[in-house]
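Take a look at the structure set out below.
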């Protein structure tokens, strides 16, 4: 330290460099936060796909994310069936439920839950969290996805098609693929597709302004 409290020139430049680097890192972190929030905000359902196959490395990432999804008491009450066969995808898409988009998907992941009658609420919650995590992982790779839902007789028939034991619970099938942006009937995106926060957020108690 020089007399009068000033730093030698070389130390002054070093401090200036460190300050600049700190500011740059902080700005970079802010930019990353904004990018992450925008990524989450813009996740949407895609039901029209091209014929481009999903690379195995991408599928491996999806399954890794699924494997690490949280569950009540870490029970991990699921197994996953990956379906690529076009005939099987077509048959599944024709079952009772909301699964028609499976027909055009590059692949589907059918979520098979344990079906424990004492854990219905927990399994339902875990299944929903898992499904959206799969969609986010797909979006990170530039893939579109849609969550399908078997109901009624569709659930039992899906078990028969896929060889799933009767005691297991099958409700969810997710389709994945690269979006066909030019497909007839592709989803439009209105500029204001969500209610304003002022309409859905209450402070402290229902009706609180």
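Observations on the model:
- Residue within the range 178-191 that is more than 30 Å from residue 53 (Cβ to Cβ) and either outside the structural domain of residue 86 (by TED's automatic domain parsing) or modelled with pLDDT under 95 (or both) present: yes
- Candidates 164, 147, 109, 81: the one that is surrounded by 15 or more Cβ atoms within 10 Å (Cβ to Cβ) and either in a loop (DSSP other than H, G, I, E, B) or at pLDDT below 95 (or both) is 164.
- Of everything listed in (1) part of a helix (DSSP H, G or I); (2) modelled with pLDDT under 95; (3) surrounded by 12 or more Cβ atoms within 10 Å (Cβ to Cβ), the single unmet condition for residue 45 is (1).
- Cβ-Cβ under 7 Å pairs, at least 6 apart or on other chains, the range 63-88 side not assigned by TED's automatic domain parsing to the domain that holds residue 129, far side buried (at least 16 other Cβ atoms within 10 Å of the Cβ): none
- Take the conditions (1) more than 17 Å from residue 151 (Cα to Cα); (2) part of a helix (DSSP H, G or I); (3) in the same structural domain as residue 154 (by TED's automatic domain parsing); residue 101 misses just one of them, which is (1).
- Taking the range 150-159 as the range and being loosely packed, with under 15 Cβ neighbours inside 10 Å and either under 24 Å from residue 71 (Cβ atoms) or not assigned by TED's automatic domain parsing to the domain that holds residue 171 (or both) as the test, only 151 passes.
- Taken together, the residues in the range 120-143 that are touching a strand residue (DSSP E or B) at 6+ places or on another chain (Cβ under 7 Å) and under 13 Å from residue 71 (Cβ atoms) amount to 4.
The values are calculated or read from the model by the stated rules, or taken from the named source; none is laboratory data. As the structure is a prediction and not an experimental result, all values here were calculated from the model. Note that we place each Cβ from the backbone using ideal geometry, even for glycine, and neighbour counts take in every protein chain shown.
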